[in-house]
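Enquirer: After the structure tokens below, expect a handful of questions from me.
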Amino acid sequence: NSAVTYDPAKAEEFFTAAGYAKNSDGVWAKDGQPLAPVMLTDSGDPEAMKVAQVVADQLTTGGVAVQLQPLAGAVQESARLAGSWDIAAPQAFCPGTIYEDMELFHSKFYVPVGQPAPWYERNSFRYKNPAYDAVVDEMLAALGKNADEATLVDIFKRGMEIWYEDLPVTPLTQAPALVPFNTTYWQGWPTAENPWMMPVNWWATMNLLLTGQWDDVERDAW
């Protein structure tokens, strides 16, 4: 089954195959121990608390008795980076280039549980797969050789086949950001038709947006 297919019956097959059975409370249990993972979330982030509660409720409905653990500030940060949790949710991933996004799961960022990961997005989930690493390294080498689009797409697909088979994190949703620009005085801003630069003004790319290069038509319009 696809990793993104909703199939409760298939999920039950996986639990049963792993030796679990539902107890009298409707919770999956093995050797008399109910499956009750601790879910770490950031109590200082109201949006994260809402998402975590929804995820916890859905897992509980499915027979996984999640114990929500809201922490804040440095305590939450230390716990998350050290891997002191069974589940951590939600975790935002800010988009970069395809290579940068794939690289987040490279085992060069791997550290054992108990040691702080480099950052939330850089393998705080402790993923390690040499086959995946090789594809990520291949992508970097191809970019260095200015490989054509078909080559890069093929490398990406092969990497994602490994990633989805292992599923080190579970994608929940995508959040589009709508960034408006005013063309009364200045033109040449990124548009949906010509997204030549990441348009968000709260990232360092705003400097590149203001000072970067674009085609002659847009440059003349400024």
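Enquirer: If r is the Cβ-Cβ distance from Ser24 to Ala134 and R0 is 45 Å, what FRET efficiency results, to the nearest 0.05? Intermediate results must be reported in sequence, preceding the final value.
Expert: Values: r = 48 Å, r/R0 = 1.06.
So the FRET efficiency works out to roughly 0.40.
Enquirer: When 1/r is averaged over all different Cα pairs and the result inverted, which Kirkwood radius in Å belongs to the stretch 116-210?
Expert: Working: mean 1/r = 0.0595 Å⁻¹.
Value: 16.8 Å, from the Cα pair sum.
Enquirer: Can I ask one more? How would Arg158, Arg126, Arg80 rank on accessible area, largest to smallest, probe 1.4 Å? Each step should come with its number before you reach the end.
Expert: Values: Arg158 80, Arg126 40, Arg80 10 Å².
Sorted descending by solvent-accessible area, the residues read Arg158, Arg126, Arg80.
Enquirer: Taking the Cα centre of the chain as origin, work out the dipole magnitude from +1 charges on Lys and Arg Cβ and -1 charges on Asp and Glu Cβ, in debye rounded to 20. The partial results should precede the final answer.
Expert: Details: 13 positive and 29 negative charges, 135 e Å.
Charge dipole of the chain: 640 debye, to the nearest 20.
Enquirer: Follow-up question, since we're still on this one. Cα to Cα, under 29 Å, and not fewer than 8 places away if on the same chain: which lysines meet these conditions relative to Lys108?
Expert: Lys128, Lys145, Lys157
Enquirer: With all protein chains present, calculate the accessible area of Val66 using a 1.4 Å probe and round the result to the nearest 10 Å².
Expert: For Val66, the solvent-accessible surface is approximately 20 Å².
Enquirer: Considering the chain as a Gaussian network with a 10 Å cut-off on Cα pairs, which listed residue, Thr16, Thr211, Thr170, attains the greatest mean-square fluctuation?
Expert: Largest GNM mean-square fluctuation: Thr211.
Enquirer: OK, next. If one takes the longest principal axis of the Cα atoms in the chain, at what angle in degrees, from 0 to 90 and to the nearest 10, does the Cα axis of helix 46-61 lie?
Expert: Between helix and principal axis, roughly 40 degrees.
Enquirer: Residue by residue through the stretch 200-208, which ³J(HN,Hα) values in whole Hz follow from phi under the Karplus form 6.51 cos²θ - 1.76 cosθ + 1.60 (θ = phi - 60°), with glycine and proline marked x?
Expert: 6, 8, 9, 10, 4, 5, 4, 5, 5
Enquirer: Tell me the volume per residue, in Å³, of the convex hull enclosing the alpha carbons of the stretch 18-71.
Expert: Values: hull volume 3.7 nm³, N = 54.
Each residue corresponds to 69 Å³ of Cα convex hull volume.
Enquirer: Any chance you could run the full-extension gain for Trp119 through Ala177? It's 0.36 nm times the residue separation minus the Cα-Cα distance, nm to one decimal. Provide the component values of the computation, followed by the final result.
Expert: Working: separation 58, 0.36 × 58 = 20.88 nm, distance 2.30 nm.
Between Trp119 and Ala177, full extension yields 18.6 nm more.
Enquirer: Moving to a separate point now. Taking only Cα atoms and a 10 Å spring cutoff, compute GNM fluctuations for the chain and point out the largest among Pro195, Pro130, Pro112.
Expert: Looking only at Pro195, Pro130, Pro112, the largest GNM fluctuation is found for Pro195.
Enquirer: Relative to the longest principal axis of the chain, what angle (0 to 90°, nearest 10) does the C-alpha long axis of helix 8-17 take?
Expert: Tilt relative to the chain: about 60 degrees.
Enquirer: Hey, another quick one. Take every Cα-Cα distance within the stretch 56-188, group them into 5 Å bins from 0 onward, and report for each bin the whole-number percent of pairs it holds.
Expert: Values per bin, smallest distances first: 2, 8, 15, 16, 16, 14, 11, 8, 5, 3, 1, 0.
Enquirer: Just the C-alpha atoms of the stretch 1-121: what Rg/Rh do they give, with Rh taken as the Kirkwood radius?
Expert: Working: Rg = 16.5 Å, Rh = 16.4 Å.
Across the stretch 1-121, the Cα-based Rg/Rh ratio is 1.01.
Enquirer: Quick query: amide H of Val66 versus all other amide H atoms, modeled in the peptide plane; which residues come in under 5 Å with a sequence gap of 5 or more or a different chain?
Expert: Thr60
Enquirer: Let me ask something else. Taking the 0 to 90 degree range and rounding to the nearest ten, how far is the long axis of helix 130-144 tilted relative to the main principal axis of the chain, both from C-alpha atoms?
Expert: 0 degrees
Enquirer: If you take every residue apart from Val136 with its C-beta less than 11 Å away from the C-beta of Val136, what net charge results, scoring Lys and Arg +1 and Asp and Glu -1?
Expert: Details: positive: Lys108, Arg158; negative: Glu100, Asp101, Glu103, Asp133, Asp137, Glu138.
Once positives and negatives cancel, what remains is -4.
Enquirer: Here's another thing I want to ask about it. I want to verify a result. In a Gaussian network model of the chain, Cα cutoff 10 Å, which of these has the top mean-square fluctuation: Asp133, Asp25, Asp45?
Expert: Highest fluctuation among the options: Asp25.
Enquirer: Same structure again: So how far, in whole Å, is the C-alpha centre of the stretch 39-61 from the one of the stretch 124-162?
Expert: Computed from Cα coordinates, the inter-centre distance equals 32 Å.
Enquirer: Cβ under 11 Å from Phe125's Cβ, Phe125 left aside: what net charge do those residues give with Lys, Arg +1 and Asp, Glu -1? Walk me through the numbers on the way to the answer.
Expert: Values: positive: Arg80, Arg122, Arg126, Lys128; negative: Glu121, Asp166.
Computed value for this residue: +2.
Enquirer: Please compute the Kirkwood hydrodynamic radius over the chain, one decimal place, Å, based on all pairs of different Cα atoms.
Expert: Working: mean 1/r = 0.0481 Å⁻¹.
Across the chain, the inverse of the average 1/r is 20.8 Å.
Enquirer: Then there is this: Quick one: with all protein chains in place, what share of the accessible area of the stretch 67-222 is carbon or sulfur, to the nearest percent (1.4 Å probe)? Don't skip to the answer; put the middle values down first.
Expert: Values: 5830 of 10210 Å².
In the stretch 67-222, the share of accessible area belonging to carbon and sulfur is 57 percent.
Enquirer: I've got another one for you. Can you give the calculated 222 nm mean residue ellipticity of the chain, where each DSSP H run of n ≥ 4 adds -39,500 (n - 2.57) and the sum is split over every residue, rounded to the nearest 500 deg cm²/dmol? Could you put the intermediate results ahead of the total?
Expert: Working: 8 runs with 88 residues, N = 222.
That comes out to -12000 deg cm²/dmol.
Enquirer: At Asn146 and Cys94, where each label point lies 7 Å from the Cα along Cα→Cβ, what is the point-to-point distance in nanometres?
Expert: 3.0 nm
Enquirer: What Kirkwood hydrodynamic radius do you get for the stretch 94-143 when you take the inverse of the mean 1/r over all pairs of distinct Cα atoms, in Å? Please report the intermediate quantities before stating the final value.
Expert: Numbers: mean 1/r = 0.0892 Å⁻¹.
For the stretch 94-143, inverting the mean 1/r across all distinct Cα pairs yields 11.2 Å.
The values are calculated or read from the model by the stated rules, or taken from the named source; none is laboratory data. Worth saying up front: this structure is predicted, and the values here are computed from it rather than measured. All Cβ positions, glycine included, derive from the backbone under ideal geometry; neighbour counts span all protein chains shown. Note: accessible area is taken over every heavy atom of the protein model, side chains too, but ligands, DNA and RNA are not part of it. Shrake-Rupley method; radii C 1.70, N 1.55, O 1.52, S 1.80 Å.
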